[in-house]
Amino acid sequence: MKKLALLVMAAFSASLIFACSSDPEVVEVVKEVIVEKEVEKIVEVPVEKIVEKIVTESVPQPVGYMMEAPENVTNTGGTLKTAFGVTMGHFDAHQGTGTHVLGHAYDGLHVKNISDGLRTFAPLLATEWDIAADGKSYTFTIREGVQFHDGSDLTIDDVVTSFQRMAMPQDGFVAPQRSFYDVVTSIEDIGNNQVKFTLSEPRTWLLEVMSGTSHVVYSKAQIDANDNNLKGVEIPTGTGPFKFNEHMPAEKWVFDKNENYWSPNTPYIDRLEMLHVPAWTDRGTAVLTGQADFSWNISMETHNEANTRNDVTSLKIPGFGAYNANFNNKKAPFDDARVRKAIFLTVSKQGLHAAFSRNEPMKLTGWMSYAAEGATSIEDLGKLPGYREDKTADIAEAKKLMAAAGHPDGFGPIDLVVSSVAPHSEILAPFFADELEKIGITSKIRVIERSQLGQNALAGEYDIQVTTAF
């Protein structure tokens, strides 16, 4: 079978890699996330580029829709090995852990429909849903006959408790999803196997939010048994297509097929082995040398090598993620919008693109991805302050803003936090720090494990944190 290497490329890029052999084809059911990257995939057949307008509809598809491939799948079983970073600080998705790994063990109520380009939503634990005419209530009908991996039955209480954890967290419980549910006033069991979300005002994007990979359903019994804190439970029981088998920290995760999954014909593979391979070059190399079947965010050199071989193929597709700088607005002087704007004007986007060119190609992007319908074109964006290549006027304006904010000579050193991923710590953060010096801001770069970035941000232990966003 052919192995795949995916290089995601956009506001920033990454890579996926698959390879070929005479073995039966292994098909993986994947929960996707939207990123602002251009993605390179390696597939086993020629790929035709298709451009189409995407419109998300809040209409559920028939039960089981999308869970199975549209074609008849005859080659099943086997192990799929992946190669990318799989470490994490804890095991509670509602408190911000990595669902790129643990998400395989869980289900949410619904999911973006992969098979139609993410235009619609497909049902998972909810078989259907209804939105009130005034947009102020959402009613979900919950799938019957679903079991957790520990053998217990899924109940309405599990659904209610799981979403209350995120929407109405108790004291001491830090839920990154809380702001998405700011207008949700109640989540209740209304009988007939239905859960009702009541809102104080309409939120047209609520279904979009709820389809996220961290919005999973946990067992209420397990939540209660652990005093509402699942961070240390390896791993909380789920209802998803794969069951936890083994975790060797900083080495790998192993998941086995859930034989009692509610979608009886899936998953198609028997085992998912996720190897911890943090370095981009090593990721691509793992696939090129047969140590893994799939990777993403590979390096440019392994991407280029993949394109010279018949057993691996690579392509680019638009994505929706970005490199970004997170300011700690609760700390002076970053609580001053003038300081934040000065930094925005100063940092050269084109300079960062050039610095990263050997690792991954980037494209200029604003708040709306260049890949999205209605986004400002790259050409027009490049004419705007902060985005234009000539920084003369931008830096002059930035210095005026710094002076008006009371920092004519700058300040520092600031706590500039970045992940230990080599291109981030060795290129991204140093480049950003050098740019800040143009307006007198000095930095002390602090490198932490990527799995700790979320918790570090929630704790507010930084001045600026540079990372990737999805």
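No value in this document is a laboratory result; all are computed from the given coordinates. These numbers come from a predicted model, not from an experiment. For neighbour counting, all protein chains shown are included, and Cβ atoms are generated from backbone atoms with ideal geometry for every residue, glycine included.
Residue by residue, segment 125-134 carries 3J(HN,Hα) couplings of 7, 9, 8, 7, 8, 9, 10, 4, 4, 8 Hz when phi is fed to the Karplus relation 6.51 cos²θ - 1.76 cosθ + 1.60 (θ = phi - 60°); x denotes Gly or Pro. Among the GluC sites (Glu not before Pro) found in segment 331-389, those both in a DSSP coil and sparsely packed, with 14 or fewer other Cβ atoms within 10 Å of their Cβ, are 373, 389.
Which parts of segment 80-105 would a label at residue 150 reach, counting a residue when its backbone N lies under 12 Å from a point 7 Å out along Cα-to-Cβ? None, by backbone N distance to the label point. Taken one residue at a time, the phi angles of segment 275-284 give Karplus couplings (6.51, -1.76, 1.60, θ = phi - 60°) of 7, 7, 10, x, 7, 4, 5, 5, 5, x Hz. Gly and Pro are set to x. Note on segment 212-359: semi-axes of the ellipsoid equivalent to its C-alpha gyration tensor, largest first and rounded to whole Å, are 35, 30, 14. Here are some pairs, 231/444; 349/444; 383/444; which of them have Cα atoms lying more than 28 Å apart in this structure? As for pairs spanning more than 28 Å Cα to Cα, those are 231/444; 383/444.
The string of couplings for segment 180-192 from the Karplus curve (6.51, -1.76, 1.60, θ = phi - 60°) is 5, 10, 4, 9, 7, 9, 7, 9, 9, 7, 10, x, 6 Hz, one whole number per residue in order, with x for Gly and Pro. Scanning residues 5 or more positions from residue 92 or on other chains, those with amide H under 5 Å from its amide H are 97, with H placed 1.01 Å from N in the peptide plane.
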